[in-house]
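Structure first, then comments.
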Amino acid sequence: MDKNTIVERMAEILKETPTSMEIVKKDAKTEQRFKYLATYMIDKAIAKDALVLSENEMGIGIVIQNSKDKPNFFKDKWEDLKLVYHVTGFKNIPKILRNQKYVRQQRPANQDYLYCWFWGISKDNRGADTQVAKQMKDEFLRRAHKLNLPLFAETQMRRNTIVYQKFGFELFHTWNREDGKTMYFLKYDPKKHPEYEDQQNIE
């Protein structure tokens with residue numbers, strides 16, 4: 001894996017992702033801000049063994065296990081300050097914090113789970129039926145079945161919701177935000193899909 005190449009690809013995907021488009025400050029440094037955000041996310045994914053890549057590395061995912069995502073107060077606060085300076089700017093902070101709080105509240109407070117923090121595919125490899133999408137889907141579900149943990153995800157893109165549901169996720173909540181945008185919350189429960197485990201080599 002060439003980390004710099006992965007960061008560049010992820011930065012390009014983030015430019016089309018509604019959530020990241022909302023938080024990244026728009027100014028003369030916008031390009032650098034997306035790259036900083038991509039670098040931050042990839043570094044965190046590698047540190048938590050949460051990075052998922054397709055075979056051709058055109059698909060990038062981050063699936064974090066909640067029980068392994070233990071906070072480090074001083075490190076996290078320092079990283080938060082750097083994100084504000086390099087990515088969001090201070091003006092966006094109140095809205096970002098409100099939205100993040102609501103999103104977190106949709107996941108279990110006292111239960112271990114997997115969380116799909118990010119899933120993106122480079123333009124020329126997109127589509128629910130492409131080999132890249134299938135490879136990544138299989139790895140996401142493999143982890144859920146191996147650990148016997150539910151997998152949570154959310155998206156603002158209706159077409160992504162349809163793809164998730166095609167892969168066995170259930171839409172359990174829809175948030176109609178004050179700004180007119182809609183966010184969809186999805187969950188994959190491995191206990192409801194024993195047929196998948198029968199088809200896989202769960203090591």
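The values are calculated or read from the model by the stated rules, or taken from the named source; none is laboratory data. Note that this is a predicted model, so its numbers are computed, not measured. Backbone-built Cβ (ideal geometry, glycine too); neighbour counts: all protein chains shown. Only protein heavy atoms, including side chains, enter the accessible area calculation; ligands, DNA and RNA are left aside. Shrake-Rupley method; radii C 1.70, N 1.55, O 1.52, S 1.80 Å.
Quick look at the values:
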quantity	calculated
Calculated P(r) tail over 25 Å for the chain, as whole % of Cα pairs	38 percent
Restricting segment 133-192 to GluC sites (Glu not before Pro) in coil, as DSSP defines it, with at most 12 other Cβ within 10 Å	Glu178
Flagged links, alpha-carbon separation over 29 Å, of Lys91/Lys137; Lys26/Lys123; Lys82/Lys166; Lys3/Lys191; Lys25/Lys181	Lys91/Lys137; Lys82/Lys166; Lys3/Lys191
Accessible carbon and sulfur surface of the chain relative to its total accessible area, %, 1.4 Å	50 percent
Value of [θ]222 nm, deg cm²/dmol, for the chain, DSSP H segments ≥ 4, -39500 (n - 2.57) each, nearest 500	-14000 deg cm²/dmol
Residue-normalised accessible area of the chain, given per residue in Å² at a 1.4 Å probe	58 Å²
Magnitude of the charge dipole, segment 49-173, Cβ model with Lys/Arg +1 and Asp/Glu -1, debye to 20	480 debye
Trypsin sites (Lys or Arg not before Pro), loop per DSSP, at most 11 other Cβ atoms within 10 Å - longest free stretch of the chain	92-203
Average projected area [Cα convex hull, segment 107-195], square nanometres	6.6 nm²
